[in-house]
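Peer 1: Submitted below is the structure of interest, expressed as structure tokens.
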Amino acid sequence: MISVIPNPLSVKELEGNFEFADGIKVSGAFGGAKRYFCDVLADCSIKSDQGKDFVFVCDPALGEEEYKLTVTPEKASVFASSEAGAFYGAQTFRLASELDTDKKSIACTEIHDKPRFRHRGFMFDVARHFFDKEYIKKTLDMMSILKLNTFHWHLSDDQGWRIEIKKYPLLTEKGTTRGSTAINSVGWSEHKEARINKPYGEGKFYTQEDIREVVEYAAERHINIIPEIDMPGHLAAAIACYPELSCTGKQIEVSDRWGVIDVIGCCGKQAIYKFVENVIDELVELFPYEYIHIGGDEVPKDQWKICPDCQAKISKLGLKDENELQGDFNNFVLAYLKSKNRKMIGWNEILDASTLSDETVVQWWCGEYKENGVEKWLEKGNNIVISYAPFVYMDHMYCMKDLPLFYKHSPETLGLDNKYFSQVLGMEAPVWTEYIRDTVKLEFNIYPRLQALSEICWSAENRKDFADFEKRLAVNVKLLDAKGINHAPKECYDCSSDEGRERQSVGWDLWAEDPYYEVKNFSKIQPSDS
């Protein structure tokens, strides 16, 4: 039985096993897939003249990421039309063999497989808490095994700037570091949360060389990286370095508060536009993928309402309100990205402006789609990515969003009219790290959700069944254990038991009081600083 995740489009079990204790002789097409395959299976050698045959075959009739894997006792063959398809076929073989008890055999089978969505994404917030490039690579490795192909890298926010921009050295000299870190949300409105009262973030950023290294590493695994620089909101860390970017021009510090901060870029002054151009100039040299994410979410506009520069621009352009000013800013960024042969993605609040260009991709994370402008956006023929927070926010505890609920995330479950399905580029799940300070909790929160994410993004809707997924997951966690990855056990991730439902009833209160509650009580590995 093949227990791989994500579930393939079709699986036919055959008699016997493909035994490769004496090695594998790799041949055929697709040099990149062959090299990767030989790197991850130590017994492989492209030049080997011994062992069982493993052949990559070019089949132009198959789609871009489609593959067929045929395994008989004598030979294993991957059929594909591209390096990506060949890579995914090899990954299926790799995963099936690594889940075998002796890792030297695989059950004979015929698999035909292709993804439902072309955008299969995981978003990682490294602005609030930083994770170094080696850990990013470890995450990319797991993504590649699970056939996730888009890494959305949230590199800036109010509480920290994490990417070197040579034109603006203060961003990494000062913008990385905040004065303290809140560890829960009790007393937030009075700024009295429990805190770690020491600076956080000094030196915690990626150099441009780091970025290039990670981008190359991802490309070898057929993962595209989308950088996000949030604008014009969530910009306090940058404004702390360059106050002229704000409406008041006053000196502030990098924010030590979670949530929405009423410090935003001034879209009435030229400074923010020049800043954006200069930052984009450096981003496009580092990130070759066609998309760049501008955030655009949670932009409180009270300052714009009293800012003479913003009001003057609204009047000059004949805009009806501050939302339209943000729309004008978004269109400026879009036009500049187009001049650099790039496309723009933003969170769905960018739809608050009716002037938003149709060339934008909208990432739907909040609000009912019939009420927040997403349906009207789709009616115009435009595209979206779905990351609906009530289902797939990985930073929330399982008692707030358990794995069975996460697994249901789909256009069908969200009530999207099927006439819009072709406009859904794909789905993505974020992990926001305000309350995730270490890899112990990070891994506990994202595994096994990452496995579920791979299946809801890749597998056809009629191939999804949670009970079957859970059976395969029970086998797949052996791989997590072998890699030393912390993961949530069933008694935590499935809240269908009486104890689980009781936790769900107070889940938000538990999270407010102690976001580390579950990892402390259900994890084999304890966090070091919580």
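The values are calculated or read from the model by the stated rules, or taken from the named source; none is laboratory data. Everything quoted here is computed from the prediction, not taken from an experiment. In this analysis, Cβ positions are derived from the backbone assuming ideal geometry, glycine residues included, and neighbour counts consider all displayed protein chains. To get the accessible areas, we keep the full protein, side chains included, count just its heavy atoms, and leave off ligands, DNA and RNA. Shrake-Rupley method; radii C 1.70, N 1.55, O 1.52, S 1.80 Å.
Peer 1: Please work out if Ile306 is buried (at least 19 other Cβ atoms within 10 Å of the Cβ), of a type in the set (Val, Ile, Thr) and over 28 Å from the mean Cα position of the chain (by Cα). Give the derivation first.
Peer 2: Numbers: buried (at least 19 other Cβ atoms within 10 Å of the Cβ): no; of a type in the set (Val, Ile, Thr): yes; over 28 Å from the mean Cα position of the chain (by Cα): yes.
So Ile306 fails the test.
Peer 1: Within the stretch 325-350, track down each residue that is over 25 Å from the mean Cα position of the chain (by Cα), in contact (Cβ under 8 Å) with a residue 24 or more places away in the chain and open to solvent by 10 Å² or more (accessible area, probe 1.4 Å).
Peer 2: Asp328, Phe332
Peer 1: Kindly provide the set of residues from the stretch 446-469 that are over 17 Å from Val11 (Cβ atoms) and in contact with a strand residue (DSSP E or B) (Cβ under 9 Å, 6 or more places away or on another chain), ordered by number.
Peer 2: Once the filter is applied, which keeps residues that are over 17 Å from Val11 (Cβ atoms) and in contact with a strand residue (DSSP E or B) (Cβ under 9 Å, 6 or more places away or on another chain), the stretch 446-469 yields Ile446, Arg449, Leu450, Ala452, Leu453, Ile456, Cys457.
Peer 1: Can you pull out the residues in the stretch 480-530 that are among the polar types (S, T, N, Q) and under 26 Å from the mean Cα position of the chain (by Cα)?
Peer 2: Within the stretch 480-530, the subset among the polar types (S, T, N, Q) is 486, 496-497, 504-505, 521, 523, 526, 528, 530.
Selection gives Asn486, Gln504, Ser523, Gln526, Ser528, Ser530.
Peer 1: Among residues belonging to the stretch 232-262 that are outside any helix (DSSP H, G or I) and crowded, with 24+ Cβ neighbours inside 10 Å, point out the one that is nearest to the chain's Cα centre (by Cα). Can you show your working first?
Peer 2: So in the stretch 232-262, the residues outside any helix (DSSP H, G or I) come out as 232-235, 242, 246-262.
Within this subset, residues satisfying the condition of being crowded, with 24+ Cβ neighbours inside 10 Å are 232-235, 246, 254.
Numbers: Pro232: 21, Gly233: 20, His234: 18, Leu235: 21, Ser246: 29, Val254: 25 Å.
Top of the filtered list is His234.
Peer 1: Among the residues in the stretch 380-401, are any farther than 22 Å from Lys343 by Cα and among the small types (Gly, Ala, Ser)?
Peer 2: Within the stretch 380-401 (the criterion being farther than 22 Å from Lys343 by Cα and among the small types (Gly, Ala, Ser)), the answer is yes, since at least one residue qualifies.
Peer 1: To continue, here is another question. Looking at the stretch 475-487, which of the residues that are part of a helix (DSSP H, G or I) and in contact (Cβ under 8 Å) with a residue 12 or more places away in the chain is surrounded by the fewest Cβ atoms within 10 Å (Cβ to Cβ)?
Peer 2: So in the stretch 475-487, the residues part of a helix (DSSP H, G or I) come out as 475-482.
Still in the list and also in contact (Cβ under 8 Å) with a residue 12 or more places away in the chain: 475-480, 482.
Details: Val475: 17, Asn476: 22, Val477: 19, Lys478: 14, Leu479: 16, Leu480: 18, Ala482: 11.
Taking the candidates together, the pick is Ala482.
Peer 1: Just need a number here: residues in the stretch 397-409 that are surrounded by fewer than 20 Cβ atoms within 10 Å (Cβ to Cβ) and out of contact with any Ser or Thr (no Cβ under 9 Å at 6 or more places or on another chain). First the steps, then the outcome.
Peer 2: Of the residues in the stretch 397-409, the ones surrounded by fewer than 20 Cβ atoms within 10 Å (Cβ to Cβ) are 400, 404-405, 408.
Subset that is out of contact with any Ser or Thr (no Cβ under 9 Å at 6 or more places or on another chain): 400, 405, 408.
Residues in the stretch 397-409 being surrounded by fewer than 20 Cβ atoms within 10 Å (Cβ to Cβ) and out of contact with any Ser or Thr (no Cβ under 9 Å at 6 or more places or on another chain): 3 in total.
Peer 1: I'd like to verify a number: residues in the stretch 61-97 that are open to solvent by 40 Å² or more (accessible area, probe 1.4 Å) and assigned to a helix (DSSP H, G or I), how many?
Peer 2: Number satisfying all stated conditions: 1.
Peer 1: While we're looking at this one, here's another question. Of these, Glu216, Glu228, Glu202, Glu220, which one is within 20 Å of Leu140 (Cα to Cα) and loosely packed, with under 13 Cβ neighbours inside 10 Å? I'd like the intermediate steps shown before the answer.
Peer 2: Working: Glu228 fails: loosely packed, with under 13 Cβ neighbours inside 10 Å; Glu202 fails: within 20 Å of Leu140 (Cα to Cα); Glu220 fails: loosely packed, with under 13 Cβ neighbours inside 10 Å.
From the options Glu216, Glu228, Glu202, Glu220, the qualifying one is Glu216.
Peer 1: Yes or no: the stretch 358-377 includes at least one residue that is surrounded by fewer than 22 Cβ atoms within 10 Å (Cβ to Cβ), over 22 Å from Leu416 (Cα atoms) and either small (Gly, Ala, Ser) or touching a residue at least 12 places away in the same chain (Cβ under 8 Å) (or both).
Peer 2: no
Peer 1: Do we find that Glu412 is among the charged types (D, E, K, R) and more than 18 Å from the chain's Cα centre (by Cα) in this structure?
Peer 2: On the way: among the charged types (D, E, K, R): yes; more than 18 Å from the chain's Cα centre (by Cα): yes.
Taking the combined requirement at face value, the residue satisfies it.
Peer 1: Tell me which strands (runs of 3 or more DSSP E) are completely within the stretch 100-193 and hold 2 or more residues being among the β-branched types (Val, Ile, Thr) and in contact (Cβ under 8 Å) with a residue 24 or more places away in the chain, or say none if there are none. It would help to see each step written out before you state the result.
Peer 2: Values: elements: 105-113, 119-125, 150-154.
Here the list reads 105-113.
Peer 1: Tell me whether the stretch 267-276 contains one or more residues that are crowded, with 20+ Cβ neighbours inside 10 Å and of a type in the set (Phe, Trp, Tyr).
Peer 2: yes
Peer 1: Return the only residue of Ala194, Ala182, Ala127 being open to solvent by 10 Å² or more (accessible area, probe 1.4 Å) and of a type in the set (A, V, I, L, M).
Peer 2: On the way: Ala182 fails: open to solvent by 10 Å² or more (accessible area, probe 1.4 Å); Ala127 fails: open to solvent by 10 Å² or more (accessible area, probe 1.4 Å).
Among Ala194, Ala182, Ala127, only Ala194 is open to solvent by 10 Å² or more (accessible area, probe 1.4 Å) and of a type in the set (A, V, I, L, M).
Peer 1: When the residues of the stretch 492-530 are narrowed to those that are of a type in the set (D, E, K, R) and either surrounded by 15 or more Cβ atoms within 10 Å (Cβ to Cβ) or touching a Gly at 6+ places or on another chain (Cβ under 9 Å) (or both), which ends up farthest from Asp402 (Cα to Cα)? Reasoning before the result, please.
Peer 2: Filtering the stretch 492-530 for residues of a type in the set (D, E, K, R) gives 494, 498-499, 501-503, 509, 513-514, 518, 520, 524, 529.
Those still in the list that are either surrounded by 15 or more Cβ atoms within 10 Å (Cβ to Cβ) or touching a Gly at 6+ places or on another chain (Cβ under 9 Å) (or both) too: 494, 503, 514, 518.
Details: Asp494: 6, Arg503: 11, Asp514: 17, Glu518: 12 Å.
For the stretch 492-530, the residue satisfying everything is Asp514.
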